[in-house]
1. For the chain, what is the charge dipole size about the Cα centre, in debye to the nearest 20, if Lys and Arg each add +1 at the Cβ and Asp and Glu each add -1 at the Cβ?
2. Restricting to bridges with both residues inside the chain, how much of the DSSP beta-bridge set is antiparallel, in percent to the nearest 5?
3. Would you mind putting 288-294, 187-193 in packing order, based on average other-beta-carbon counts within 10 Å, highest first?
4. Y198: net charge of surrounding residues, Cβ under 13 Å, Lys/Arg +1, Asp/Glu -1, itself excluded?
5. What percent does the relative contact order of the chain come to when contacts are Cα pairs within less than 8 Å and at least six residues apart?
6. Estimate the FRET efficiency between A360 and E47 by the formula 1/(1 + (r/R0)^6), using the beta-carbon distance for r and 51 Å for R0, to the nearest 0.05.
7. What is the sum of charges around A272, taking Lys and Arg as +1, Asp and Glu as -1, for the other residues whose C-beta is under 10 Å from the C-beta of A272?
8. If you stretched the chain out fully between R255 and V75, how much longer would it get, using 0.36 nm times the residue separation minus the C-alpha to C-alpha distance?
Amino acid sequence: MDERLIATDEMPLARKSLLPGAGFFLPDPVEEDVEEESARAALEGAEAAVVADTDADGLACVALVREAHGDVRNVPDGPGEADGETAPELLDGVEPTPHRVALLPASPHDLEDQLAHVGEYAPEGIALYVCDLAPDRYEYVAEELEAALAVADGAAWYDHHRWDPDVADAVREAGVELVIGDSDEECSADVVYRSLAYEFEPIYEELAAVTRDHDLWLREDPRSDDLADYAYWAEPEEYVEVVREHGADLPDWVREYLTERRIEKEGLIEQAVSRAELREIDGYTVGITYGRCSQNEVAEAMRERGADVSVVVKPAGSASIRGTDAFERCHEVAGLVGGGGHPKAAGCKPDVHDDMLDYAHHWTTQGAVTKRVILEAFRRVVAESDGTSADDEG
């Protein structure tokens, strides 16, 4: 394929917002090979491994674990200087010291892969941590978790999502210390902060608090948006080492970097907001739109227009669902279409794409099928709460 067809850097913003990033077109086997090699390199000689989500909450957990283990600090002075997934950059002419606490980035969809890498490549006696991730079913991770536990000398799992009680019981029965925080009160960094037997400095308590402000969508501390954006744009290793050193008060070079990146971010937000529709469904106002964008700001714009719940469908096929005080069942809606999350913030990726023609339809219709499936799930959730069925309501 001509690389220019999937390189969106030079595209007009209106077109760029309709398409996924170039990474979407990378074949799964190639991506898996890169992930496996990165995991093998990170685990070599490590004393601990953290399998974590790569948002600000998951990466704050990694920062806390590294601090508790007294791991080295490779503090970058600019973007790209602490990228642990490629060859290390030189900092002040000195090659960064390998971390004793390995970071294995994961998402809810590839959690089992990183657990398998621990089982295959980690040294005997490694300490295992899993942070800010929750499996929908135990059988999705059972075999890989067993393999990881066979080499680990103890495992702890810290999270704040809503867990199925049977899944939680199975993880604990496997021999894992599972601590699940109240999803309405804590983020996963809070859980790690209070669970580790370590006396953290105040800077880390503040880091957890500011991370919580964004992760629970409280929006009371303006620094939380900076953390969320920086975690999204920076390499995970870079983010972890910067917040370990600076906490929630990011250095000037990071703020300058964010200012530059936000020019395009705001443009993509405007594109998605301009496409937003408000639907009246069973007494609720549902905002729904499509685009490659920052979903939280787009959802906030729809809320300001009167939406009780907002849905942002992405070009890659996933969707974010954001609620308000008027609607706190986002996780139930997402659960019906292959996802999950929190009462006011959830995500999903409906299984509606069988081949590239389906994706082509998705891009050219701005997510029409995905929108329809999610809105139907919304109707079902509301109907069940009313004691009726969606079919009865026609």
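1. Details: 33 positive and 91 negative charges, 308 e Å.
Value, rounded to 20: 1480 debye.
2. Values: 17 of 42 bridges.
Bridges in the chain are about 40 percent antiparallel.
3. Working: 288-294: 24.0, 187-193: 28.3.
Ranking, from highest mean packing down: 187-193, 288-294.
4. Values: positive: R66, R194; negative: E67, D71, E199, E201, E205.
Surrounding charge for Y198 is -3.
5. Working: 715 pairs, mean separation 57.3, N = 394.
Rounded, it is 15 percent for the chain.
6. Values: r = 48 Å, r/R0 = 0.94.
Computed FRET efficiency for A360 and E47 comes out at 0.60.
7. Values: positive: R275, R292, K314; negative: E270, E297.
Neighbour charge sum, excluding A272 itself: +1.
8. Working: separation 180, 0.36 × 180 = 64.80 nm, distance 1.58 nm.
Computed gain between R255 and V75 is 63.2 nm.
Just so you know, all these numbers are worked out from the coordinates, no wet-lab data involved. Nothing here was measured: the structure is a model prediction, and the numbers come from that model. FYI the Cβ positions are ideal-geometry reconstructions off the backbone, even for glycines, and counts take in every protein chain you see.
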